[in-house]
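A short worksheet on the structure shown next.
The values are calculated or read from the model by the stated rules, or taken from the named source; none is laboratory data. Worth saying up front: this structure is predicted, and the values here are computed from it rather than measured. When we count neighbours, we look across all protein chains shown, and the Cβ atoms used for this are built from the backbone with ideal geometry, even at glycine. The protein model used for the area step is the full one, side chains on, heavy atoms only, and it has no ligands, DNA or RNA in it. Shrake-Rupley method; radii C 1.70, N 1.55, O 1.52, S 1.80 Å.
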Amino acid sequence: MYAIVEIQGQQFKVEEGKKLFVHHIPEVESGKTLEYEKVLLIDADGAVKVGTPTVSGAKVVVEVISPIVKGEKVLVFHKKRRKGHRKLNGHRQQFTEVSIKQIVA
């Protein structure tokens with residue numbers, strides 16, 4: 001059984017017991033459970049329910065494992081040719097690690 005759910009503005013394919021890295025969720029602690037009701041699709045052993053736009057009565061229960069996890073560093077380099085202009089910026093995105101506990105259909 002899996003579901004397509006929208007968490008923090010992004011869509012994820014989730015299954016029970018799997019771990020996800022989602023965009024940082026502010027003000028949550030480790031061990032807290034959250035419920036998301038924006039379930040777009042549910043597949044229960046071949047029986048597919050597609051929402052219009054969401055499946056009514058469906059929700060996904062997740063548990064926060066780690067509230068802040070830093071992603072890999074992304075380097076952004078700007079250069080203008082023949083001008084001697086060079087600029088290097090780095091960025092590390094913050095994520096929240098969650099575990100899928102239950103899919104309620």
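Using DSSP to define loop residues, name the trypsin sites (Lys or Arg not before Pro) in the range 13-99 whose beta-carbon has at most 13 other beta-carbon atoms within 10 Å.
K18, K32, R81, R82, K83
Name the long-range amide H neighbours of S66: under 5 Å, sequence gap of 5 or more, or other chain; modelled H, no Pro or chain starts.
Hits under the 5 Å cutoff: E97.
Excluding ligands, DNA and RNA, what is the solvent-accessible area per residue of the chain at a probe of 1.4 Å, expressed in Å²?
Value returned for the chain: 69 Å² of accessible area per residue.
Counting other C-beta atoms within 10 Å, and keeping those with at most 14, which DSSP coil GluC sites (Glu not before Pro) do you find in the range 13-70? Walk me through the numbers before you get to the answer.
On the way: sites: E15, E16, E27, E29, E35, E37, E63; in loops: E16, E27, E29, E37.
Passing sites in the range 13-70 are E16, E27, E29, E37.
Any idea what log10 I(q)/I(0) is at q = 0.11, 0.19, 0.22 Å⁻¹ for the chain, Debye with uniform C-alpha scatterers and no solvent?
The Cα Debye sum returns log10 ratios of -0.45, -0.90, -1.10.
If you plug each phi of the range 30-40 into the Karplus form 6.51 cos²θ - 1.76 cosθ + 1.60 with θ = phi - 60°, what whole-Hz ³J(HN,Hα) values come out, in order, with x for Gly and Pro?
5, x, 6, 9, 10, 10, 10, 9, 8, 8, 8
Put a dot 7 Å past each Cα toward the Cβ at N89 and T33; how far apart are the dots in nm?
Those two pseudo-labels are separated by 4.2 nm.
Cα-Cα over 22 Å: which of K32/K73; K49/K101; K18/K73?
Cα-Cα > 22 Å for K32/K73; K18/K73; rest within.
For K19 paired with V74, estimate the spin-label separation in nm (one decimal), with each label point 7 Å from Cα along the Cα-to-Cβ line.
2.3
For the chain, give the percent of accessible area contributed by carbon and sulfur heavy atoms, probe 1.4 Å, rounded to a whole number.
Summing carbon and sulfur atoms, their accessible area is 48 percent of the total for the chain.
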